[in-house]
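Down below is the structure, laid out as structure tokens.
FYI, it's all coordinate maths here, none of it is from the lab. Keep in mind the model is a prediction, meaning the values are calculated, not measured. All Cβ positions, glycine included, derive from the backbone under ideal geometry; neighbour counts span all protein chains shown.
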Amino acid sequence: MEKMAGSLATVLICDDEPALRELIRISLEGPYEFVEADDGEESLELARSVRPDVVILDMMMPRLSGLEVLSALRQEEELADMRVIVLTAQPATREQALQAGADIVMVKPFEPERIAAAVEEVLEDRA
């Protein structure tokens, strides 16, 4: 499902911490629609139903980990090219996320400006 010219980009924020989801929303200055999930299963369900332009995905979530969600996205033909930015508190998992197909991996804590720049970067790559 392609976005119509001039429509808002949809960002799916997947994190079990409400405060971090809010920080990400506030950090993204731009014409975005937000959808939020607080666990891995909900993240995958929303990715399938909403088809967001960008997924911001925490590695450590209940029910399914971010890595499991990312692997599932990359295995589904219709979702395989979805842009995914992974957030991790454990730098050691950075390589795992990249190997699983993350477009960008950011280590927490991150500067709010960096998340905005990462979203812009993946949206430009998609265009």
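Among the residues in region 87-109, are any in a loop (DSSP other than H, G, I, E, B), more than 22 Å from D39 (Cβ to Cβ), among the acidic types (D, E) and more than 14 Å from the chain's Cα centre (by Cα)? Checking region 87-109: not a single residue is in a loop (DSSP other than H, G, I, E, B), more than 22 Å from D39 (Cβ to Cβ), among the acidic types (D, E) and more than 14 Å from the chain's Cα centre (by Cα).
What do you reckon, is S71 out of contact with any helix residue (DSSP H, G or I) (no Cβ under 7 Å at 6 or more places or on another chain) and hydroxyl-bearing (S, T, Y)? Quick ask: steps written out before the conclusion?
Values: out of contact with any helix residue (DSSP H, G or I) (no Cβ under 7 Å at 6 or more places or on another chain): no; hydroxyl-bearing (S, T, Y): yes.
It is false that S71 is out of contact with any helix residue (DSSP H, G or I) (no Cβ under 7 Å at 6 or more places or on another chain) and hydroxyl-bearing (S, T, Y).
Yes/no per residue for (1) in contact with a Lys or Arg (Cβ under 6 Å, 6 or more places away or on another chain); (2) closer than 17 Å to V119 by Cα:
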| site | (1), (2) |
| --- | --- |
| D39 | yes, no |
| E45 | no, no |
| M61 | no, no |
| E78 | no, no |
| R83 | yes, yes |
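Contact map, region 71-83: first residue on the phi < 0 side of the Ramachandran plot, second residue part of a helix (DSSP H, G or I) and surrounded by fewer than 15 Cβ atoms within 10 Å (Cβ to Cβ), Cβ cut-off under 6 Å, separation 6 or more or different chains; pairs are R83/R126. Residues that are in a helix (DSSP H, G or I) and either surrounded by fewer than 16 Cβ atoms within 10 Å (Cβ to Cβ) or of a type outside the set (A, V, I, L, M, F, W, C) (or both) within region 16-39 comprise P18, A19, R21, E22, R25, I26, S27, listed in sequence order.
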